[in-house]
Amino acid sequence: MRRRSAFLILVVLLFISAADAKTKNRKLFVNQSATRPQVAAGQPGTFEARVEDYLRQSGAEFHKVKANSWYLLVNGKEMGQIRIILGAGPSSIAMGAVVVPKRNLKLSTEALEKLMKLSYDLNYVRVCIDSDDDLIVIAQLKDPWLNAAEFRTTLNIVTTAADRAYAVMRPYLSTP
């Protein structure tokens, strides 16, 4: 049930726009992106504040969407810029990326076989199709194992998995 909750948090984050941070009655601050206002930081001593510290230490450009919800922009080799979505629950985080949205994905038996083989090759991350039929990669971490080094490692694993999944699926992308 907790995995499903973390996954649902991730799915919800996919559809939250940056405009949400501009809604009225929110305290704003600016993090690493001087041009984009953000939602107020987590309260000191909370799990949310710890995750924000890990985000700052990661060196990646990040933006807070709402409480316990962020996205990071990282550079990939195959995909170019990758938007990593991060959701924090009471004692765990889910980190993932949309590799190919449904509208660009042409699935076939051959494509699914390649995805299953890739999933076998990857460690600590899942390659899956979400409830919106987008191809995603996702990793989850529980609080006892979460520290700055593990956060950076998971960020690298998710980024690499997204790049590899995109490379595998490139022949099966529909052209706009």
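The values are calculated or read from the model by the stated rules, or taken from the named source; none is laboratory data. These figures come from a predicted structure and were not determined experimentally. Don't worry about glycine lacking a Cβ; one is built from the backbone with ideal geometry, like all the others, and counts go over all protein chains shown.
So residue 106 ticks every box in (1) within 21 Å of residue 80 (Cβ to Cβ); (2) touching an Asp or Glu at 6+ places or on another chain (Cβ under 7 Å); (3) at pLDDT below 95 but one. Which box is left unticked?
Going through (1) within 21 Å of residue 80 (Cβ to Cβ); (2) touching an Asp or Glu at 6+ places or on another chain (Cβ under 7 Å); (3) at pLDDT below 95 one by one, residue 106 breaks only (2).
Evaluate the following for residue 112: is it without any contact (Cβ under 8 Å) to a residue 12 or more places away in the chain and either surrounded by 12 or more Cβ atoms within 10 Å (Cβ to Cβ) or over 15 Å from residue 159 (Cβ atoms) (or both)?
In short, yes.
Identify, by number, the condition in (1) under 15 Å from residue 156 (Cα atoms); (2) in contact with a helix residue (DSSP H, G or I) (Cβ under 7 Å, 6 or more places away or on another chain) that residue 131 doesn't meet.
For residue 131, the failing item is (1).
Take residue 126 and decide whether it is among the basic types (Lys, Arg), under 23 Å from residue 145 (Cβ atoms), free of Cβ contacts under 8 Å to residues at least 60 places away in the same chain and in contact with a helix residue (DSSP H, G or I) (Cβ under 9 Å, 6 or more places away or on another chain).
It is true that residue 126 is among the basic types (Lys, Arg), under 23 Å from residue 145 (Cβ atoms), free of Cβ contacts under 8 Å to residues at least 60 places away in the same chain and in contact with a helix residue (DSSP H, G or I) (Cβ under 9 Å, 6 or more places away or on another chain).
Could you tell me which residue of region 139-160 is surrounded by the fewest Cβ atoms within 10 Å (Cβ to Cβ), considering only residues that are hydrophobic (A, V, I, L, M, F, W, C) and in contact (Cβ under 8 Å) with a residue 60 or more places away in the chain?
Going through the qualifying residues, I end up with 148.
Condition test on residue 88, is it crowded, with 17+ Cβ neighbours inside 10 Å, modelled with pLDDT of 95 or more and of a type outside the set (Asp, Glu)?
No.
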